[in-house]
Amino acid sequence: MPALNGARPSTRTRAWIIVLALLLLGGGATAYTLRAASGREAAATGTADPGFTLDDGAGTLYARDTTSGRVARVDPAAPGGRVAGGPACDRFHAAGGTALCLQRRPGVPARSYALVLDRRLREVRRIGLPGIPSRARVSASGNMLAWTMFATGDSYARSAFSTRTSILDLRTGYLVKNIEQLPLTLGGRRYHAPDVNYWGVSFAADDNRFYATVATGGRTHLVEGDMRNWSARTLRENVECPSLSPDGTRIAFKKRVSDGPSEPWRLYVYDLATGREHAVAEPHGIDDQALWTDRETLAYGYGGDVWSVPADGTGAPRRLARGASSPTVTN
């Protein structure tokens, strides 16, 4: 009998090897086709691609990719510096394993959706809204969500506009459709006026207090709200789109420095304990609700890109992502 070592396989053996190879190749091609089809379906429906989640570790930067309209994970090592596999959103924010995605719907009058997403960016609740998405915020715990919609197509730079700001408590499922119902104390006195508008909510760590802008009588004010006591009080004037620092001691905000329509705001930081404020080193007018990426750094959108700058007024702006908006950092 010839030695088995080095012997040529029989015709039947070769046939089985070919069949096995075809099966393996076919299975791989099928898996690839299914993955590609799943990705195409996600892009078409505006949902996240399979595997695109919020689980890439604390400090990961996400932003809305302007070209695709989808949420992207910023990754300098990836092609184009990002991986754009998230849901399609006009405004986006995430924290505590919860994401908030505001999507404008086609048609007139303007209508939108607020989508509540889990940490795998799968939809858990959908709320129909009138208006155009403007601001979105999730509390650090992921329990409290807030969004602001323009009731018309106007912008904050216009002299007259209407907003509707809502707050959703995921612990109870209770939705406050419009926080204009909040009893407001202005200058130490209860205040009532038909032109009251709120926007730009930022939650404190206790999931009870929040900060926001209220406009009335042609002026804007920083307000501190109390969900448990269902009240709000003004703290100071000329504050828009507040963003509370992670340690709860400072507020980044837009301060109006000009009455003209071109870049009327500068980005400032306000110390809640001392009442002192200072401008950051961003010289341009910022029409955004800044994000604290850590205790000492702010991120924001300007000129179609996402930038960062130190919060203490030193340093210089640094571009984080081109063609992007709505930055958020996982905690």
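In the range 291-305, the residue that is farthest from residue 266 (Cα to Cα) out of those that are in contact (Cβ under 8 Å) with a residue 40 or more places away in the chain and in contact with a Gly (Cβ under 9 Å, 6 or more places away or on another chain) is 294. State all residues of the range 273-303 that are more than 16 Å from residue 326 (Cα to Cα), assigned to a loop (DSSP other than H, G, I, E, B) and charged (D, E, K, R); if no residue qualifies, say none. Answer for the range 273-303, where residues must be more than 16 Å from residue 326 (Cα to Cα), assigned to a loop (DSSP other than H, G, I, E, B) and charged (D, E, K, R): 276, 282, 295, 296.
Filtering 84, 110, 72 for residues that are at pLDDT below 95, within 18 Å of residue 320 (Cα to Cα) and aliphatic (A, V, I, L, M) leaves a single hit, 84.
Conditions tested, residue by residue: (1) at pLDDT below 95; (2) over 24 Å from residue 162 (Cα atoms); (3) open to solvent by less than 30 Å² (accessible area, probe 1.4 Å); (4) not hydroxyl-bearing (Ser, Thr, Tyr).
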| position | (1), (2), (3), (4) |
| --- | --- |
| 221 | no, no, yes, yes |
| 229 | no, yes, no, yes |
| 233 | no, no, no, yes |
| 241 | no, no, yes, yes |
| 256 | no, no, no, yes |
| 276 | no, yes, no, yes |
| 285 | no, no, yes, yes |
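Scan the range 195-207 and give yes if some residue there is open to solvent by 30 Å² or more (accessible area, probe 1.4 Å) and either part of a strand (DSSP E or B) or of a type in the set (S, T, N, Q) (or both), otherwise no. Checked against the condition, which is being open to solvent by 30 Å² or more (accessible area, probe 1.4 Å) and either part of a strand (DSSP E or B) or of a type in the set (S, T, N, Q) (or both), the range 195-207 yields no hits at all. Scoring residue 309 on the criteria (1) surrounded by fewer than 13 Cβ atoms within 10 Å (Cβ to Cβ); (2) in contact with a Leu (Cβ under 9 Å, 6 or more places away or on another chain) leaves a single failure, condition (1).
Every residue, every condition in (1) among the acidic types (Asp, Glu); (2) touching a helix residue (DSSP H, G or I) at 6+ places or on another chain (Cβ under 9 Å); (3) without any contact (Cβ under 8 Å) to a residue 60 or more places away in the chain, yes or no:
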site: 211; (1), (2), (3): no, no, yes
site: 225; (1), (2), (3): no, yes, yes
site: 243; (1), (2), (3): no, no, yes
site: 246; (1), (2), (3): no, no, no
site: 260; (1), (2), (3): no, no, yes
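Return a yes/no flag: does the range 34-46 have any residue that is at pLDDT 95 or above, of a type outside the set (Lys, Arg), under 24 Å from residue 168 (Cβ atoms) and out of contact with any Ser or Thr (no Cβ under 7 Å at 6 or more places or on another chain). The answer is no; no qualifying residue exists. Looking only at residues of the range 41-91 that are among the basic types (Lys, Arg) and in contact with a Leu (Cβ under 8 Å, 6 or more places away or on another chain), we find that the one that is most open to solvent (accessible area, probe 1.4 Å) is 91. Against the condition free of Cβ contacts under 8 Å to residues at least 24 places away in the same chain and more than 28 Å from residue 98 (Cα to Cα), how does residue 271 come out, does it pass? The answer is yes for residue 271.
Mind checking which residues of the range 309-331 are of a type in the set (D, E, K, R) and in a loop (DSSP other than H, G, I, E, B)? Correct list: 312, 322.
Of the conditions (1) β-branched (Val, Ile, Thr); (2) under 25 Å from residue 224 (Cα atoms); (3) part of a strand (DSSP E or B), residue 306 clears all except one; give me its number. For residue 306, the failing item is (2). Residues of the range 288-305 include none that is β-branched (Val, Ile, Thr), modelled with pLDDT of 95 or more and crowded, with 22+ Cβ neighbours inside 10 Å. Those strands (runs of 3 or more DSSP E) of the range 92-192 in which at least 3 residues are open to solvent by less than 30 Å² (accessible area, probe 1.4 Å), considering only elements entirely within it, cover 98-105, 111-117, 132-138, 144-150, 163-169.
The values are calculated or read from the model by the stated rules, or taken from the named source; none is laboratory data. What you see is a predicted model, and the numbers here were worked out from it, not measured in a lab. Positions of Cβ are backbone-derived with ideal geometry, glycine not excepted, and every protein chain shown enters the neighbour counts. For the accessible areas, the whole protein counts, side chains as well, though only heavy atoms, and no ligand, DNA or RNA atoms are used. Shrake-Rupley method; radii C 1.70, N 1.55, O 1.52, S 1.80 Å.
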